[in-house]
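S.K.: So that we are looking at the same thing, I have put the structure below in structure tokens.
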Amino acid sequence: MTINNGSASAGAEDPSLEGQDIAGIAGNPIPHLDGNAVAGPLWELFRIDIIAAIGRCRHCGAVRVFGEATVYADAPGIVVRCSSCEGVLLRLVETPTRFWLDVSGLSYLQIDREG
């Protein structure tokens, strides 16, 4: 709890929050889902099941099944983060006329063909 002693304006930021990760703070984490939550929107784009695909995180090098990723879907778009380091793997925003897809957090994504 911060007490305003008059030295800072009422709208000043709480110094105790400085440097904290925007992914949530203790006691108030941002809710997230697993990689299954992004299966539908990516199916619309590629017509493949992405959940069993294997990807390599560009940030930490972890190689994992895409379904294990952490998905934040309560924003204007979808953000998929590495379950090992929380680095952003993928961002997807859908508008009425376009999809915007950023996969720069993945070194690769291995997708098996269905037999």
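The values are calculated or read from the model by the stated rules, or taken from the named source; none is laboratory data. Predicted model, so just to flag it, every value in this text is computed and none were measured. Reconstructed Cβ throughout: ideal geometry from the backbone, glycine too, with neighbour counts over all protein chains shown. Surface areas here come from the heavy atoms of the whole protein model, side chains and all, with no ligands, DNA or RNA. Shrake-Rupley method; radii C 1.70, N 1.55, O 1.52, S 1.80 Å.
S.K.: Taking segment 105-115 as the search range and keeping residues that are assigned to a loop (DSSP other than H, G, I, E, B) and open to solvent by 70 Å² or more (accessible area, probe 1.4 Å), which one is nearest to V63 (Cα to Cα)? Write out each step before concluding.
M.R.: To start, the set of residues in segment 105-115 that are assigned to a loop (DSSP other than H, G, I, E, B) comprises 105, 111-115.
This time we only want the ones that are open to solvent by 70 Å² or more (accessible area, probe 1.4 Å), so: 111-115.
Values: I111: 13, D112: 15, R113: 19, E114: 21, G115: 23 Å.
Going through the qualifying residues, I end up with I111.
S.K.: Could you say which residue among A53, A37, A69, A73 is small (G, A, S), touching a helix residue (DSSP H, G or I) at 6+ places or on another chain (Cβ under 7 Å) and more than 18 Å from S104 (Cα to Cα)?
M.R.: The unique qualifying residue is A73.
S.K.: Is it fair to say L92 is in contact with a Pro (Cβ under 9 Å, 6 or more places away or on another chain), within 16 Å of R47 (Cα to Cα), not small (G, A, S) and not in a loop (DSSP other than H, G, I, E, B)?
M.R.: yes
S.K.: Confirm whether A37 is at pLDDT below 90 and in a loop (DSSP other than H, G, I, E, B).
M.R.: Judged against the criteria, A37 is not a match.
S.K.: Being open to solvent by 40 Å² or more (accessible area, probe 1.4 Å), free of Cβ contacts under 8 Å to residues at least 40 places away in the same chain and over 27 Å from R113 (Cβ atoms) is the filter here; which residues of segment 43-78 pass it?
M.R.: C60, A75, P76
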